[in-house]
Amino acid sequence: MMSTTKTLALWVAYGTNGVVGSIRHDDDGYTVVMAGSDAAVGTYPSLASAKGALHAHMTPGSSWPMFREH
């Protein structure tokens, strides 16, 4: 039996130079993937914690990214 995960929502994070990552919400939580990476940084229980994790994986000193829901 194959299992499928339905994405409930997607946010794209934009930094000063373009897309820096994304957050996908599904049944498991909020999964962070940085731009240019195939591997997830991690899955978090809330959108706020996922946003914080994404920002923490950006270049040190980076401004808080703008998040747009798609």
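The values are calculated or read from the model by the stated rules, or taken from the named source; none is laboratory data. Note that the structure is a prediction, hence the values are computed from the model and not measured. Methodologically, a virtual Cβ is constructed for each residue, glycine included, from the backbone with ideal geometry; neighbour enumeration extends over all protein chains shown. Just so you know, the surface numbers come from the protein's heavy atoms only, side chains and all, with ligands and any DNA or RNA stripped out. Shrake-Rupley method; radii C 1.70, N 1.55, O 1.52, S 1.80 Å.
When Rg is the radius of gyration of the Cα atoms in the chain and Rh is its Kirkwood radius, what does Rg/Rh come to? Kindly include the intermediate steps, with their values, before the conclusion.
On the way: Rg = 12.1 Å, Rh = 12.3 Å.
In the chain, Rg relative to Rh is 0.99.
How high is the FRET efficiency between Glu69 and Asn17 when r is their beta carbon distance and R₀ equals 22 Å, given to the nearest 0.05?
With R0 = 22 Å, the Cβ-Cβ based efficiency is 0.55.
For Ala35, what residues show an amide H to amide H distance below 5 Å, using hydrogens built from the backbone and excluding near sequence neighbours?
Gly21, Ser22
Give the carbon-plus-sulfur fraction of the accessible surface of the chain in %, rounded to a whole number; probe 1.4 Å, heavy atoms of protein chains only. Please report the intermediate quantities before stating the final value.
Values: 2450 of 4620 Å².
Answer for the chain is 53 percent, counting heavy atoms of protein chains only.
To the nearest 10 degrees, how steeply does helix 47-56 sit against the main Cα axis of the chain, on a 0 to 90 scale?
50 degrees
From largest accessible area down, sort Leu10, Leu47; use a 1.4 Å probe on the protein chains.
Putting Leu10, Leu47 in descending order of accessible area: Leu10, Leu47.
Using a 1.4 angstrom probe with every protein chain in place, what is the largest-first accessible-area order of Trp64, Trp11?
Largest accessible area first, the list is Trp64, Trp11.
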